[in-house]
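Asks: My questions all concern the structure below.
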Amino acid sequence: MPVLKVEDIHVSFGAVSILRGVSFSLEQGKTLGVVGESGCGKSMTARALMGMTPPGGKLTGSIKLDARELIGQPERDWQDIRGKEIALVMQDPFTSLNPIMKVGHQVAEVFQLHQSMPASQAWDAAVDMLDKVGIPDPAQSAKKYPHQMSGGQRQRVVIATAFACQPKVLIADEPTTALDVTLQAQILRLVNDLQREFKTAVIFISHDIGVIAEEADEIAVFYAGQIVEQGETQQVLRNPMHPYTKALLGALPQPGKLRLDSITGQPPRFDDLPVGCSFSPRCQFKQPQCEQAPSLEWNDSRAVRCWRANELADSAKG
Amino acid sequence: MKFNWLARLGAIYLVILTLAAVLIPIFRPYDRKVGPVLASPSMQFWLGTDDKGYDILARLAYGARISLTVGISVQLIALVIGITLGIVAVYGPKWLRNVILRFTDGMFAFPDILLAIMIIGIFNDRGMRPVIIALSITAWPAVVRLVKTQAATLKDREFVVSSQALGASTFYTVTRHMLPHLVGILMAVLMVELAGTILAESALSFIGIGVQPPTPSWGNLISDAKNLMNSNPMVLFWPCLILSVTIFALNFVGDGLRAHFDPKGSEPN
């Protein structure tokens, strides 16, 4: 039984829909990679799963954590879930910590909020947690302010706050994008270690398909607020079926490749979506048929939202 | 970050003023004839005596008590009202936000002194209480505006969002993560606003509806001495000097604090 089951969630602001029917499920300890360009609904998915859609946004559909339905529950219940059952690691460790609060307090806060620990006990727990995420000399480092730490250490602190209550689901929204490449690998290894230890299910959001390829068991490619292709990571990467996935992979740098392919055009604006398939204006395989919106068709463990998916997959093989 | 020297000087002056306000009236009577009428400054009466033979220094010091008590009380009340409404104006339901902000705008459109005169008119007693209430009612809109703009920017900062993502309630996020960021800017603005309140209190006393004589508030002292302007200008000079210097000092300290807490912002001027 999946720990998280998301069914057909929509987020809309008035007449404008940002998420248009996103569904996926996640097993304990597994990682789902979410890829796509900026502004395709990745971060909005993260916020929706936290019950933190911006004011004015309307969230519909179903989010089930174990058997519990989250959509429609009162804010008070969301507060119990956030940070305890579902945690979020944000992109920028330079801004996601409070600059005028000691990092130890910021980790201890989570214990105080969710386990009603007294302050001194929460502080000790925070020091242990900082030790666990590999902060050197945690007892002393807990007394530091964020500006006294490096970017990598700060992201470790952020990860400590996220894992403090051993959440069932961790949403990592571009957790390494703000870090340089050598640090990326360390931070990813840390997340992997903690994930294994706590059997956490991870939703890993990134625009970097290379990082996703290493991290994710399963991959979901987002375009214009919808999943356009989903499946087991290696299968999707080896045999992409949707033209957008193909294009994303073609844009990856590879040894011996002198020119990177790029995807022509811009992602569509949500208030001005193309008729039919959202990707069709940028698609090189466009046909008259694409004036109709394709649905996400499942075939074994693969899903793709394209009229010509089978045809294109065959031609790629042959 | 260093304070500029004007702010330091202002701070030192304010400390001396506060000490004088607390201590001098204990040792020197301010409410009876203690020497000859209109005496020149001497070792006994440092600033001389007024037309009733009262000690000018003692009366100025007691006036400082009144001014500081009124000013600080008013600012504290304005802070409590202003922070509460300012935060509600950011986090509250939309209709309530609009009510608060439009009402605040309305308050800005109304001349403060006129409103204060009106409110004082409602009360019967003529002590500090009606003055404090009237000036508090005119002082809070400035705090609401400041808190509202600051909180609105902080609300979308990632550490505030991540506090909520960790399961904190809005109240917790605001008190633990937001208000500490406002302390600096609020202190800076408080100083400048305090100057305005002290000036307003003096103005109300000067026109005779503030703290009533014979209690020597600075406004009363100026009002009493204006008839002596031609014969004994020094009696008028001292309260005017103290009032002006206090206003300057508060503004200097306010500017210094602002520069200190917001190094990228305005230069101290």
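The values are calculated or read from the model by the stated rules, or taken from the named source; none is laboratory data. Quantities reported herein were computed from a predicted structural model and do not represent experimental measurements. Glycine also receives a Cβ, built like all others from the backbone with ideal geometry; neighbour counts cover every protein chain displayed. We work out accessible area using only protein heavy atoms, side chains counted, and drop any ligands, DNA or RNA first. Shrake-Rupley method; radii C 1.70, N 1.55, O 1.52, S 1.80 Å.
Asks: Could you list, in sequence order, the residues of region A:148-189 that are aliphatic (A, V, I, L, M), open to solvent by 20 Å² or more (accessible area, probe 1.4 Å) and away from every other protein chain (no Cβ under 13 Å)?
Replies: Answer for region A:148-189, where residues must be aliphatic (A, V, I, L, M), open to solvent by 20 Å² or more (accessible area, probe 1.4 Å) and away from every other protein chain (no Cβ under 13 Å): A:VAL181, A:LEU183, A:ALA185.
Asks: Here's a check for you: in region B:159-171, which residue that is aliphatic (A, V, I, L, M) and touching a helix residue (DSSP H, G or I) at 6+ places or on another chain (Cβ under 7 Å) is farthest from the other protein chains (Cβ to nearest Cβ)?
Replies: Among residues in region B:159-171 that are aliphatic (A, V, I, L, M) and touching a helix residue (DSSP H, G or I) at 6+ places or on another chain (Cβ under 7 Å), the one farthest from the other protein chains (Cβ to nearest Cβ) is B:VAL160.
Asks: So if I check each of B:ASP125, B:ASP156, B:ASP112, which one is of a type in the set (Asp, Glu) and within 14 Å of another protein chain (Cβ to nearest Cβ)?
Replies: B:ASP156
Asks: Name every residue in region A:4-17 that is open to solvent by 30 Å² or more (accessible area, probe 1.4 Å), more than 10 Å from A:THR60 (Cα to Cα) and in a strand (DSSP E or B), in order of residue number.
Replies: A:LYS5, A:PHE13, A:VAL16, A:SER17
Asks: Having 3 or more residues that are out of contact with any strand residue (DSSP E or B) (no Cβ under 6 Å at 6 or more places or on another chain) and more than 10 Å from chain B (Cβ to nearest Cβ) is the bar; report the helices (runs of 4 or more DSSP H) wholly within region A:51-147 that clear it.
Replies: Working: elements: A:75-81, A:103-115, A:119-132, A:138-141.
Passing ranges, in order: A:103-115, A:119-132, A:138-141.
Asks: So B:ASP55 ticks every box in (1) open to solvent by 30 Å² or more (accessible area, probe 1.4 Å); (2) in contact with a strand residue (DSSP E or B) (Cβ under 8 Å, 6 or more places away or on another chain) but one. Which box is left unticked?
Replies: So B:ASP55 meets the others, but not (1).
Asks: Against the conditions (1) open to solvent by less than 10 Å² (accessible area, probe 1.4 Å); (2) in contact (Cβ under 8 Å) with a residue 24 or more places away in the chain, where does B:THR49 fall short? Just the number, please.
Replies: (2)
Asks: May I pose another question? Considering only region A:222-318, give the helices (runs of 4 or more DSSP H) lying wholly within it that have at least 3 residues that are under 18 Å from A:VAL211 (Cα atoms) and open to solvent by 40 Å² or more (accessible area, probe 1.4 Å).
Replies: Those helices (runs of 4 or more DSSP H) span A:233-238.
Asks: Something else now. Search region A:115-143 for residues that are open to solvent by less than 50 Å² (accessible area, probe 1.4 Å) and pair each with any residue that is among the charged types (D, E, K, R) when their beta-carbon atoms are under 7 Å apart and the residues are at least 6 apart or on different chains.
Replies: Listed pairs, sorted by first residue: A:VAL133/A:ARG156; A:GLY134/A:ARG156; A:ILE135/A:ARG156; A:PRO138/A:ASP131; A:ALA142/A:LYS102.
Asks: Kindly list, by first and then second residue, each pair from a residue in region B:78-95 that is in contact (Cβ under 8 Å) with a residue 60 or more places away in the chain to a residue that is exposed (fewer than 15 other Cβ atoms within 10 Å of the Cβ) and not basic (Lys, Arg), limited to pairs with Cβ atoms under 7 Å and residues at least 6 apart or on different chains.
Replies: B:VAL90/B:ALA152
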